[in-house]
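Chemist: One structure follows; several queries about it will come next.
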Amino acid sequence: QVQLVESGGNWVQPGGSLRLACAASGIMFSNFHMGWYRQAPGKQRELVAIILNLGDTNYADSVKGRFTISRDNAKKTVYLQMNNLKPEDTAAYLCNALSTRASYWGQGTQVTVST
């Protein structure tokens, strides 16, 4: 059974930092591209950052220079370090595991940025 479990979401003031984690089980983690998406109420889900199975990364323009995605294949975990958070970063953050044959999603973790 495949599971992706996100953690680390919280309320934070503008300018603050959070580190999200997504722990995977039931998949050959090192073979999967891992992505972080977010979805705010009334808005479409959007890609925030992705790290390919070989380590290349890509970011949405809105988070470049503030967010960093990384992975630990031994721990089967992908991380999203978020710095200088802004109110517009408020959303549910979801983890995705993607291969040529399958796509899996976690349940999400809520990030709220406000004063």
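The values are calculated or read from the model by the stated rules, or taken from the named source; none is laboratory data. Note that the structure is predicted; figures quoted are calculated from it, not measured. Note that we place each Cβ from the backbone using ideal geometry, even for glycine, and neighbour counts take in every protein chain shown. Side chains are part of the model used for accessible areas, which takes the heavy atoms of the whole protein and leaves out ligands, DNA and RNA. Shrake-Rupley method; radii C 1.70, N 1.55, O 1.52, S 1.80 Å.
Chemist: Per-residue HN-Hα couplings for the range 58-74, Karplus 6.51 cos²θ - 1.76 cosθ + 1.60 at θ = phi - 60°, whole Hz, x for Gly and Pro?
Modeler: Karplus values, whole Hz, x for Gly and Pro: 8, 10, 5, 4, 5, 10, 4, x, 10, 10, 9, 9, 8, 9, 10, 5, 5.
Chemist: Follow-up question, since we're still on this one. Given a 1.4 Å probe, how much area per residue of the chain is accessible, in Å²?
Modeler: Per residue, the chain has 55 Å² of solvent-accessible surface.
Chemist: Evaluate the distance, in nm, between pseudo-label points positioned 7 Å from the Cα of residue 105 and of residue 11 along their respective Cα→Cβ axes.
Modeler: Going by the 7 Å Cα→Cβ label model, 2.7 nm.
Chemist: Please work out the C-alpha center-to-center distance from the range 73-115 to the range 43-57 and express it in whole Å.
Modeler: Each part's Cα centre sits 9 Å from the other's.
Chemist: For residue 45 and residue 62 in one chain, what is 0.36 nm times their gap in residues minus the Cα-Cα distance, to one decimal in nm?
Modeler: Gain on extension, residue 45 to residue 62, equals 4.7 nm.
Chemist: Rounded, prolate or oblate: pick one for the range 56-115, where a ≥ b ≥ c are the square roots of the eigenvalues of its C-alpha gyration tensor, a/c under 1.5 means rounded, and failing that, prolate if a/b is larger than b/c, else oblate.
Modeler: Because a/c hits 1.5 or more and a/b exceeds b/c, the range 56-115 counts as prolate.
Chemist: Let me spell out the model: positive unit charges on the Cβ of Lys and Arg, negative unit charges on the Cβ of Asp and Glu, origin at the Cα centre of the chain. What dipole size does that give, in debye rounded to 20?
Modeler: For the chain, the charge dipole is close to 100 debye.
Chemist: First check a/c for the range 21-64, with a ≥ b ≥ c the square roots of the eigenvalues of its C-alpha gyration tensor; if it is under 1.5, answer rounded, and if not, answer prolate when a/b is larger than b/c or oblate otherwise. Display every interim value, and only then the final one.
Modeler: On the way: a/c = 3.16, a/b = 1.53, b/c = 2.07.
The shape class here is oblate.
Chemist: Starting from the Cα gyration tensor of the chain, take the square roots of the eigenvalues, sort them a ≥ b ≥ c, and report rounded, prolate or oblate (rounded when a/c is under 1.5, otherwise prolate if a/b is larger than b/c, else oblate).
Modeler: prolate
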